[in-house]
């Protein structure tokens, strides 16, 4: 995992190509992010959205292109109501 922006992070996973498995993992990540964190006498909560790309969808994976595409998927998640996982697949025009 690496931070690439103010509130943006990149997570690289090996051998994950099944969209259903990726979405399930993404939902677990979001669930953990949304868990209340004790702060003083109260609790703080945050939300998260995920944009996902798969390197197998690129003839030659190019980090800059993949990050730009993941960003497009992320904004689609945010536009769709947040706390969402959007997987950008080859040919997606979203």
Ordering of 17-23, 83-89 by packing [mean C-beta count within 10 Å, highest first]: 83-89, 17-23
Per 0.36 nm of contour for each residue apart, how much would the distance between residue 58 and residue 23 grow if the chain were fully extended, relative to their Cα-Cα spacing? 10.6 nm
Just to confirm the number: angle between the C-alpha axis of helix 19-34 and the first principal axis of the chain, 0 to 90 degrees, nearest 10? 20 degrees
If you stretched the chain out fully between residue 83 and residue 46, how much longer would it get, using 0.36 nm times the residue separation minus the C-alpha to C-alpha distance? 12.3 nm
Quick one: if you stick a label point 7 Å off each Cα along the C-beta vector at residue 90 and residue 16, how many nm between them? 2.1 nm
With springs connecting C-alpha atoms under 10 Å apart, model the chain as a Gaussian network and identify which of 27, 65, 14 has the largest mean-square fluctuation. 14
So for the stretch 49-94, averaging the separation of alpha carbon pairs under 8 Å that are six or more residues apart and normalising by length, what relative contact order in percent results? 52 percent
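All of the numbers you see were taken from the coordinates with simple rules; none came from a lab. Small disclaimer: the values here were computed from a predicted structure and weren't measured. Neighbour counts run over all protein chains shown; Cβ positions are idealised from the backbone, glycine included.
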